[in-house]
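The values are calculated or read from the model by the stated rules, or taken from the named source; none is laboratory data. Every value quoted in this text rests on a predicted model; they were computed, and no experiment measured them. Here the Cβ positions follow ideal geometry from the backbone for every residue, glycine too, while neighbour counts run over all protein chains shown. These accessible areas exclude ligands, DNA and RNA; they are computed on the full protein's heavy atoms, side chains included. Shrake-Rupley method; radii C 1.70, N 1.55, O 1.52, S 1.80 Å.
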Amino acid sequence: MPEEFERQCDLVVTALEAVADRLAEEKETLTELDSAIGDADHGANMNRGFQAALEKVSENDAGDPADVVKTIGVALVSTIGGASGPLYGGSIMSASQELEGGITADSSVAFAETYLETVESRGKATVGDKTMVDALTPAVHTYKKSIEVDDLDPLEALAKAVDAAQRGVEFTTPIRAKKGRASYLGWRSVGHQDPGATSTLMILEELLAVAAEELDGEIEREIDAEADVDPAELEAESPGEGDD
Amino acid sequence: MVGIVVVSHSAKAAEGICEIAREMSGEGALEYAGGDPDGGIGTSSDPIREAIETASDGDGVVVLVDLGSAVMNAELAIEMAGVDDVVIADAPVLEGALNAAVAATSPSATVESVRESAEEARDVSKV
């Protein structure tokens with residue numbers, strides 16, 4: 001198991017690097033979206049947070065993937081600030097405990113569900129409020145259903161989850177914000193895509209890209225992938241022995 | 001005695017509110033936190049947690065917040081702080097801080113009584 005854990009830790013770090021690079025590239029895009037309906041700092045805050053998380057993770061020699069994921073969450077809480085600090089960082093911290101036995105198909109679903117529940121309860125937001133919940137909810141539900149009901153492997157499930165998140169992001173454009181800074185704008189928030197839903201999608205896309213790259217050829221049956229929702233984290237994992 | 005923490009998107013606003021409240025309350029433990037991790041306008045949970053830990057002498061802490069993410073960061077800070085009996089008052093930040101600061105000087109003050117006093121500020125009409 002330790003060897004498997006080591007590999008999973010490396011994969012989490014690889015995923016984190018991909019996410020951090022993507023958010024650095026998209027800094028301006030996110031800031032532009034946020035300047036339309038928020039306070040124009042989402043790109044800068046996310047970039048600062050994920051760069052800090054990379055640094056923290058490289059300083060730490062964590063023994064298991066749950067530790068690495070938790071370290072990422074703690075770093076994000078300290079460095080993103082605003083609502084995104086608790087929503088991204090706090091939720092990753094809470095969900096990381098689902099990975100204590102390693103990253104498997106089952107634990108990745110549990111991670112995704114806990115992550116979503118934490119975001120909802122901390123943000124007191126629900127679907128249709130024009131927030132990251134609009135991207136996250138369909139992604140998590142699709143991931144869970146794909147694995148538990150349709151019996152797909154985690155990589156396929158994650159691909160479907162990303163598609164679902166994409167549709168969720170599109171859904172945020174024509175609706176009026178009911179939570180967050182954008183809600184102060186009332187009807188003027190209509191017609192603008194939500195920045196938090198967008199950054200959530202970007203993270204999921206990177207997790208999928210890393211999972212596809214790293215698990216290529218390895219997925220056969222019950223593998224583990226992970227990911228879903230976790231911003232920051234994750235990715236995929238262990239072939240084979242998996243499940244716990 | 002019950003400690004008080006003022007949280008605002010602006011560190012200057014939070015500090016100013018504490019100054020006003022302190023004029024009414026004298027010596028009590030009144031701490032503030034404000035600004036995002038970059039020093040800009042926003043809130044961040046680490047400084048709030050530190051303020052709670054500093055304000056606490058074991059009798060509990062009442063936290064006053066301004067808008068939006070101040071609530072979320074205060075909630076997370078409370079979860080992470082090693083302090084019992086910390087509550088957020090659902091009150092306007094300036095008037096609530098003033099009421100709380102005065103209430104905390106009562107010899108029989110508790111976290112609940114201080115929070116109630118802060119929340120009474122919701123009903124104060126100004127004109």
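Summary of computed values
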item: The protein assembly as shown: Rg to Rh, with Rh as the Kirkwood radius over Cα pairs; result: 1.03
item: Inter-part distance where region B:1-56 and region A:156-174 are each reduced to a Cα centre, Å; result: 40 Å
item: Extension gain (nm, one decimal) between A:R188 and A:A24, 0.36 nm per residue minus Cα-Cα; result: 56.2 nm
item: Residue among A:G85, B:S117, B:G60 farthest towards the positive dipole end of the protein assembly as shown, charges placed on Cβ; result: B:S117
item: Inter-centroid distance (Cα atoms) of region B:88-108 relative to region A:1-68, Å; result: 40 Å
item: Kirkwood-based Rg to Rh ratio, region A:50-92, C-alpha trace; result: 0.98
item: Volume per residue of the C-alpha convex hull in region A:1-131, rounded to whole Å³; result: 98 Å³
item: In the A-B interface, the accessible area buried, summed over both sides, Å² (probe 1.4 Å); result: 1300 Å²
item: Dipole magnitude (debye, nearest 20) for the protein assembly as shown, charges at Cβ of Lys, Arg, Asp, Glu; result: 2320 debye
item: Listed residue (A:G49, A:A105, A:G63) projecting farthest to the positive dipole end of region A:33-111, Cβ model; result: A:G49
item: Violating pairs (Cα-Cα greater than 28 angstrom) within the set A:K130/B:K12; A:K27/A:K178; A:K56/A:K145; A:K56/A:K144; A:K124/A:K145; A:K27/A:K179; result: A:K130/B:K12; A:K56/A:K145; A:K56/A:K144
item: Per-residue SASA entry for B:M80, accessible area with 1.4 Å probe, Å² rounded to 10; result: 70 Å²
item: Long-range HN-HN contacts of B:I88 with modeled amide H, under 5 Å; result: B:V63
item: Chain A: angle of helix A:195-214 to the longest principal axis, Cα-based, in degrees nearest 10; result: 20 degrees
item: Assigned charges on the beta-carbon of Lys, Arg, Asp, Glu; chain B dipole about Cα centre (debye); result: 320 debye
item: Largest to smallest accessible area among A:H42, A:H192 [probe 1.4 Å]; result: A:H192, A:H42
item: Cβ-Cβ FRET estimate between A:E100 and A:K178, R0 fixed at 45 Å, reported to 0.05; result: 0.80
item: Stokes-Einstein diffusion coefficient of chain B, Kirkwood radius over Cα pairs, 25 °C, 0.890 mPa s, in µm²/s; result: 178 µm²/s
